[in-house]
Amino acid sequence: MRVLGFMTGTSLDAVDMAVLETDGDTIDIFGPAGERRLSDATRNVVLEATKQALAWPRGAPEPPIFRLVAEMVAEEHFAAAESFLADHDLAWPDIDLVGMHGQTVLHERPRDGVPGRTVQLGDGAMLARLTGRPVAYDFRTADVAAGGEGAPLAPIYHLARARASGLTPPLAVLNIGGVANVTFWNGETDITAFDTGPGNGMIDLLVQARGAGRFDADGKYASVGRADEGGVRALLAHPYFSSSPPKSLDRYDFSLDPLERLSLEDAAATLVAFMAEGVRLAFEMVGGTPTEVIVCGGGRHNPEIMKALSARLPMPVRTAEDHGWRGDSIEAEAFAYLAARTFRGLPISFPGTTGVPASMAGGKIVRS
């Protein structure tokens, strides 16, 4: 089955796309991959929807802006795919299935017996009408309804990707997006995964709050700053780091207040150290020593993050590209893979990844 997967992260920079030929178990062919920048109009409306989502009381009707964003996201995905497919001599009839993650505007983990909430906006029915292809979407809701964290969902794909490369356990795959999450491959089919802490998201929010751009390109600010250990300790005092996995985060779960007294450069360096220490603590919590850590996601482009990880972890830290993986496309590939699994009714979340009581299928399929 030839599947087109989409992913739009909380960085709001682009629609990522990747084609896989897969049955949701093995991967036969890695097709083309690419991205298209999000329009400023869509990005601005998503930011407003995120603001309203954070203030949305439980039990209240969802903010009307959610409907608008869901349609805009579907239209963005369709426009991105139109040019992407044409560039690779493909057309919609060549695609058997589409997997759309949607745009996350809210993620709250379950706490003290209160179920979690997670919202990914994207009109699957509209995308199916536009493309004429079946669309798999809404991958997280069933997991949350069953008492799971709703994240991370990519670990089963990390396992498939590692196997496709002929790798063997034990190893770890670290994805650094807005939030950082790690998959530990411990045995033949044994995986454990959880969010380790903020990834790029807090650094992005810092840079934006200081009026210095949208993100710290190439670690420009962090590279000339000095990490404040008091600030790192203050951030690590958050109860998240003492809670046991499975566990998940939203990039807004942490405050920038402990960094207010620092310069932009020192604050950026402090957040890099905080992110890396969160990863180190995750490895300490799980125990064991993987033979290597494979880093994917946008964070691997920040040299300061890669240096910090190499300094704090006791095993080799390698990029996705060191194994021939497409580090910017892993999550788009993952949702192509998860779409195929959804189509076949195979499980996509597991007790060791999201905390659901038993392995379970998820996602919905809508046809044009």
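Less than 15 Å Cβ to Cβ from Gly352, Lys/Arg counted +1 and Asp/Glu -1: what total charge do the surrounding residues give? List each step's numbers first, then the result.
On the way: positive: Lys247; negative: Asp143, Glu149, Glu188, Asp190, Asp195.
The answer is -4.
Express in % the proportion of alpha carbon pairs of region 94-251 at distances exceeding 19 Å.
For region 94-251, the fraction of Cα-Cα distances above 19 Å is 66 percent.
Of the residues Val173, Val114, Val293, which exhibits the maximal mean-square fluctuation in a Gaussian network model of the chain defined by a 10 Å Cα contact cut-off?
Evaluated over the chain, the most mobile residue of the options is Val114.
Calculate the length of the line joining the C-alpha centroid of region 296-368 to that of region 189-226, in whole Å.
Between the Cα centre of region 296-368 and that of region 189-226, the gap is 18 Å.
Cα convex hull of region 245-347: mean projected area in nm², to one decimal?
So the mean shadow area of the Cα hull is 8.6 nm².
Kindly provide log₁₀ I(q)/I(0) values, in the same order as q = 0.15, 0.27, 0.29, 0.32 Å⁻¹, from the Debye equation applied to equal alpha-carbon scatterers of region 271-317.
-0.34, -1.09, -1.22, -1.36
Who wins for biggest fluctuation among Gly31, Gly197, Gly298 in a Gaussian network model of the chain, springs between alpha carbons below 10 Å?
Result for the chain, Cα springs under 10 Å: Gly31 fluctuates most.
Take the Cα atoms of region 166-323, find their three principal axes, and give me the spread along each one in whole Å, biggest first.
Here the spans come out as 47, 32, 23 Å, largest first.
Expressed as a fraction of 2.2 N^0.38 Å, the rule-of-thumb size for a compact globular protein of N residues, what is the C-alpha radius of gyration of region 1-118? Before the final figure, lay out the partial values.
Details: Rg = 16.6 Å, N = 118, 2.2 N^0.38 = 13.5 Å.
So region 1-118 has a normalised radius of gyration of 1.23.
Based solely on its DSSP helices, what 222 nm [θ] is calculated for the chain when runs of n ≥ 4 H residues each add -39,500 (n - 2.57) and the sum is averaged over all residues, nearest 500 deg cm²/dmol?
So the helix-based figure for the chain works out to -11000 deg cm²/dmol.
Picking from Arg318, Arg233, Arg300, which is most flexible by a Gaussian network model of the chain using Cα springs under 10 Å?
Highest fluctuation of the listed residues: Arg233.
Tally Lys/Arg at +1 and Asp/Glu at -1 over every other residue whose Cβ is under 11 Å from the Cβ of Leu249; what's the total?
Cβ neighbours under 11 Å give a net charge of -2.
Hey, can you rank 335-343, 47-55 by average C-beta count inside 10 Å, highest first?
Output ranking for 335-343, 47-55: 335-343, 47-55.
Computed from the coordinates by the stated procedures, all read-outs in this text should not be read as laboratory data. What you see is a predicted model; the values in this text were computed from it and never measured. Glycine gets a Cβ as well: all are built from the backbone with ideal geometry, and neighbour counts include every protein chain shown.
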